[in-house]
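**Student:** The following block contains the structure, expressed as structure tokens.
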Amino acid sequence: MANNVTIEKVVTSGTFSLDGETFDVDNNVWIVGDDAQVVVIDAAHDADAIIAAVGDRKVVALVLTHAHDDHIDAAGALQQGTGAPAWLHPDDRMLWDVLYSEGPQHDLSEGTVVSVGGVDLSALHTPGHSPGSTCLYAPALGVLFSGDTLFDGGPGATGRSYSDRPTIEASIRERLFILPPDTVVHTGHGTDTTIEAEAARTW
């Protein structure tokens, strides 16, 4: 990995609630960094498990791919335990406000760059699953953190409030399928895939 930066996955279990329904889910939380500092991508369910995986490293940023509750429900406890600021696209603020009365501290707008260990994570606004859904692209690592925008198998779900199928398809085709084909896609749930594999699928 570039500059000794590693990528770690923590799988946490909990629930996702929207539109009056609740589902059991397993989420992928991604920890990117070196021996001194890390960025945590998404704050799902279990702050203690995430903090344990971080260890004695400093969390420089908590970056949220979107604000569905299964991706942010541990954000408050995680911030309290690490002191890290939270980053979220402003178009998902209405979802954040369902759980929290304060924050997030920073807007994860298009083109925002969050750096750790000399590696840049660039924000790509990819609405559709939610209005503020955002992927993080790390060209030095050859990886994309896709949240719930793109999975092994195709686009994320769009059957809930604030989601739209044509919008997510356009986001994927116009923003993600232009990335190098061998880019590894680290998803918000389930297994990894690649840009090449997903571009070859028919939806």
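Coordinate-derived values only; no laboratory data. This one's a predicted model, so the numbers in the text were calculated from it and none came from an experiment. No Cβ is skipped: glycine too gets one built from the backbone with ideal geometry, and neighbour counts run over all protein chains shown.
**Student:** Going by how many other beta carbons lie within 10 Å of each one, how would you line up S101, S13, fewest first?
**Tutor:** Starting with the residue having the fewest Cβ neighbours, the order is S101, S13.
**Student:** Related question: Within a 10 angstrom radius of the beta carbon, how do V11, V25 rank from fewest other beta carbons to most?
**Tutor:** V11, V25
**Student:** Still on this structure, please answer the following. Could you tell me the distance between the Cα centroids of segment 31-61 and segment 136-203, to the nearest Å?
**Tutor:** About 23 Å separates the Cα centre of segment 31-61 from the one of segment 136-203.
**Student:** Could you pull out the longest piece of the chain with no exposed loop trypsin sites (Lys or Arg not before Pro) in it, calling a site exposed if DSSP puts it outside H, G, I, E, B and it has at most 14 other Cβ atoms within 10 Å? Mind dumping the intermediate values first?
**Tutor:** Numbers: sites that count: R160, R201.
The longest uninterrupted stretch comes out as 1-159.
**Student:** Where Rh is the Kirkwood radius over the Cα pairs of the chain, the temperature 10 °C and the viscosity 1.306 mPa s, what D in µm²/s does Stokes-Einstein return?
**Tutor:** 96 µm²/s
**Student:** Now for a different question. Please report, in debye to the nearest 20, how large the charge dipole of the chain is about its Cα centre when each Lys and Arg carries +1 at its beta carbon and each Asp and Glu carries -1 there.
**Tutor:** Details: 9 positive and 30 negative charges, 74 e Å.
It comes to approximately 360 debye.
**Student:** So if each residue of separation counts as 0.36 nm, and I subtract the Cα-Cα distance between D192 and K9, what length gain in nm does that give?
**Tutor:** Extending this stretch completely gives an extra 64.8 nm.
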